[in-house]
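Visitor: After the structure tokens below, expect a handful of questions from me.
Nothing in this text is a laboratory measurement; each read-out follows from the coordinates by a stated rule. All figures in this text were calculated on a predicted structure; none of them were measured in a lab. Here the Cβ is made from the backbone with ideal geometry for all residues, glycine too, and neighbour counts use every protein chain on show.
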Amino acid sequence: MGLREEKKRQTRTLLTDTATALFAEHGFERVTVAEVARAAGVAVNTVFNYFPTKEDLFFDRQEEVVARLALVVRERPPGASPVDAVRAELLAGLDEAEPTYGLDPRAAAFWRTVEDSPALRARLLELGERAEEALAGALAEEAGTAPGDPVPRLVAGALAGAHRAALAEVRRGMVAGEPVDAVRARVVTAVTAAFGLLAAGLDGWPRQPAGPGRGLNPAAGTPGAARSE
């Protein structure tokens with residue numbers, strides 16, 4: 001990393017750290033971008049050069065979060081199903097305290113800020129929808145489904161929905177002040193059970209990449225039909 005890139009990284013970190021502290025103390029809606037800039041010692045335009053909106057300033061790793069599930073499905077080991085990939089990523093993140101999962105007592109203030117802000121709750125919902133859409137695209141690409149085939153979107157909804165629900169359990173535990181180890185153990189148990197149920201129905205799809213132009217018809221598109229071929 002060159003000096004310019006390092007300076008940009010430091011400025012970005014300064015802005016997000018300053019904003020997060022102000023939002024946690026005063027509430028997201030009550031803090032302006034100008035106040036963030038003043039506290040960070042930069043011009044308002046500098047803030048907008050890095051973050052187009054105030055919500056972007058708060059969710060500073062949102063693009064990473066949106067792309068994550070599609071990436072783990074695309075880069076999963078040979079022989080692993082999409083269910084395997086999402087489950088493995090989720091369990092690894094819980095074990096390693098992935099920062100965006102919020103499995104840390106210090107994250108409680110962050111999530112309380114989200115709970116208290118309609119704008120941030122709306123952005124969080126949007127991020128989940130975008131992550132699900134990206135995952136559906138990865139599944140459709142691999143399965144070779146026809147344009148408009150809803151099966152990849154439905155499968156993505158099941159996987160991304162379970163992933164979001166698991167992280168919501170983490171957030172609830174952290175906001176309630178529960179010990180990290182207790183929250184982790186509870187969520188890991190739930191993930192193991194829930195993804196076991198998903199695997200029973202989804203591990204057969206997609207069985208293998210389809211040929212060019214091959215979509216899933218109503219019969220071939222069901223996991224049971226894929227396993228019985």
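Visitor: Find how many whole Å separate the alpha carbon centroid of the stretch 24-77 from the alpha carbon centroid of the stretch 150-179.
Guide: The two parts, judged by their Cα centres, are 21 Å apart.
Visitor: For Cα Rg over 2.2 N^0.38 Å, one of (i) 1.05; (ii) 1.01; (iii) 1.17 was computed from the structure I shared and the rest are decoys. Which label?
Guide: (iii)
Visitor: At a Förster radius of 45 Å, what calculated FRET efficiency corresponds to the Cβ-Cβ distance of T11 and A80, to the nearest 0.05?
Guide: Between T11 and A80 the formula returns 0.70.
Visitor: Around A39, under 12 Å between beta carbons, what's the net of Lys plus Arg minus Asp minus Glu among the other residues?
Guide: Taking every other residue near A39 into account, the sum is -2.
Visitor: Here is a further query. Between rounded, prolate and oblate, where does the stretch 88-152 land on the alpha carbon gyration tensor, with a ≥ b ≥ c its root eigenvalues, rounded for a/c under 1.5, else prolate if a/b exceeds b/c?
Guide: Cα axes put the stretch 88-152 in the oblate bin.
Visitor: For n ≥ 4 DSSP H runs only, could you compute -39500 (n - 2.57) per run for the chain, divide by its residues and tell me the 222 nm figure to the nearest 500?
Guide: When only DSSP H runs of four or more count, the value is -22500 deg cm²/dmol.
Visitor: Something else about it: What is the dipole size for the chain, taken about its Cα centre, with +1 at each Lys and Arg Cβ and -1 at each Asp and Glu Cβ, in debye to the nearest 20?
Guide: Dipole about the Cα centre, nearest 20: 160 debye.
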